[in-house]
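Asker: Can you read through this structure? Questions will come right after.
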Amino acid sequence: MAKIKRTVVVASAMVALTACAPAGYEGANAGAAEPIAVAAAEPTVSVDPEASAEPGASASPGAEAEIDAPLPDGVELTVRLTGKKFDRMGSAVINQDGYILYRFDRDTNDPPSSNCVDECAEVWPPALTDGNPKIKGLISDDAVGTITREDGTRQITLDGWPLYTYIGDKKPGQWKGQGVGGTWFVINPDGSKNLSCLPKGTPKAVTPPSKSKSDSSDSDYSY
């Protein structure tokens, strides 16, 4: 697979931090500008489709098989992956709705396996499929695969790494999940971690929807 070259040009370290830090992080994690991924050129992507404790998914050869379990209510399938280059943040992969996709350091890619289940998967929804997603741009077809999660659904992988969105991203192009917990990172079109533009400090994940505010006020989420 061809390596993706990217160049980040900044006027100064302060400008870089301001441009890179995701919005919504204050104090030690602050950045003045909200990170919205803006395509540096025309979209060119070829997409493939752990903070939680329990290992949840195992490798599933062949993306051709039908999905094994019904999708949870309200879950949308990922039908297209696009690899692009973006201003300030280098390269990334987005889904059909323009949302940035992430990878998790506590997962494994050899063999492919997801360790983000239960509350973790509420915060980081897996990119699910019932077939083969369309691939555009910088992604190689042979880099895309799937795993079968413990609930029987099939999750898209890129270079073996399971793909996720982040509920903290409220609109297409946001990438507030970058660097969360020191384990979540925007994924490059070749499956590697995008480390071009990291927030100052280590941001924490948003609260899982199933957790009440009273339950989560003093919690230190690992996902």
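Asker: Going by the conditions given, is residue 216 at pLDDT 95 or above and small (Gly, Ala, Ser)?
Answerer: no
Asker: Considering only residues of the range 90-106 that are in contact with a strand residue (DSSP E or B) (Cβ under 7 Å, 6 or more places away or on another chain) and not in a strand (DSSP E or B), which is farthest from residue 160 (Cα to Cα)? Give the steps one after another, and end with the answer.
Answerer: Of the residues in the range 90-106, the ones in contact with a strand residue (DSSP E or B) (Cβ under 7 Å, 6 or more places away or on another chain) are 91-96, 100-104.
Remaining after also requiring not in a strand (DSSP E or B): 95-96, 101.
Details: 95: 17, 96: 20, 101: 14 Å.
Top of the filtered list is 96.
Asker: Next question. Would you pick out the residues in the range 114-132 that are over 19 Å from residue 167 (Cα atoms) and open to solvent by 20 Å² or more (accessible area, probe 1.4 Å)?
Answerer: Hits for the range 114-132 are 130, 132.
Asker: Hey, another quick one. Which one is modelled with the lowest pLDDT, of the residues in the range 147-195 that are surrounded by 22 or more Cβ atoms within 10 Å (Cβ to Cβ) and hydroxyl-bearing (Ser, Thr, Tyr)?
Answerer: 153
Asker: Something else now. Among the residues of the range 82-111, count how many are open to solvent by 30 Å² or more (accessible area, probe 1.4 Å) and under 13 Å from residue 157 (Cα atoms).
Answerer: So the count comes out to 4.
The values are calculated or read from the model by the stated rules, or taken from the named source; none is laboratory data. Being a predicted model, the structure only gives us computed values, none of them experimental. Using ideal geometry, Cβ is built from the backbone for each residue, glycine included, and neighbour counts are taken over all protein chains shown. Please note that ligands, DNA and RNA were not included when accessible areas were found on the heavy atoms of the full protein model with its side chains. Shrake-Rupley method; radii C 1.70, N 1.55, O 1.52, S 1.80 Å.
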